[in-house]
1. Please give the peptides 181-194, 106-119 ranked by average Cβ packing (other Cβ atoms within 10 Å per residue), highest first, as a rough proxy for protection.
2. I'd like to check one number: the per residue accessible area of the stretch 132-171, probe 1.4 Å, reported in Å² as a whole number.
3. Cβ neighbours within 10 Å, averaged per peptide: list 134-144, 84-94 in order, most packed at the top.
4. Would you mind putting 169-179, 69-79 in packing order, based on average other-beta-carbon counts within 10 Å, highest first?
5. Using a 7 Å offset from the Cα along the Cα-to-Cβ direction at both R179 and D84, what is the distance between the two label points in nm, to one decimal?
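The values are calculated or read from the model by the stated rules, or taken from the named source; none is laboratory data. What you see is a predicted model, and the numbers here were worked out from it, not measured in a lab. Here the Cβ positions follow ideal geometry from the backbone for every residue, glycine too, while neighbour counts run over all protein chains shown. These accessible areas exclude ligands, DNA and RNA; they are computed on the full protein's heavy atoms, side chains included. Shrake-Rupley method; radii C 1.70, N 1.55, O 1.52, S 1.80 Å.
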Amino acid sequence: MTTPTTASSFTPSPTLRQLALSLALLSPFAASAQTSAPPEPLQTIARLDVGRYLGTWYEIAKYPNRFQRQCVADTSALYRLRGDGQLDVINRCRQANGEVAEAVGRARQDGPADSPKLKVRFAPAWLSWLPMVWGNYWVIDLDADYQLVAVSEPSREYLWVLSRTPTVEAGVYQALLGRLREKGFEVGRLERTTQSGSLN
């Protein structure tokens, strides 16, 4: 989500409290290294056109996770190209108290320029040299028009479904679920995200 897929730790700041929070959460995908992968390795899409992937994606569904527990609605991810070739990742969501939480991270492709595998971090920039703060962000399903995407990581512990629009047609969503089942995901674990349109 961006994340991904994707596409979320929230509100980084220079205070000691926020620094501790960032270190605790690191990347949404960092914990995946501690789980064993299913027998069949997860396959990504063949290639990713990052230029077409840029912009806003709305979270349609996700596997519940600890770092998004405060998010109750309107989760989105904005991917923006930087001058150094990396991406800004801006995750936003509405919390139960009505306030909007935001996290700004960084993403880079892992491999060639059309690689569908990215690395994402939300830890402070001065920790970017540590491999452990970069989590896997794999694009595993994406339609030809770049309108609906599924993002995960090698262990399949995390899964996000993102769309260019706050809602997705039922038939299109069910077709995606079928493809995710074939990739070894438990689609019954997916939790739908409420999108009110209030953050648009």
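1. Most protected by this proxy first, the peptides run 106-119, 181-194.
2. The answer is 34 Å² per residue.
3. 134-144, 84-94
4. Result, highest mean first: 69-79, 169-179.
5. Once both label points are built, they end up 3.3 nm from each other.
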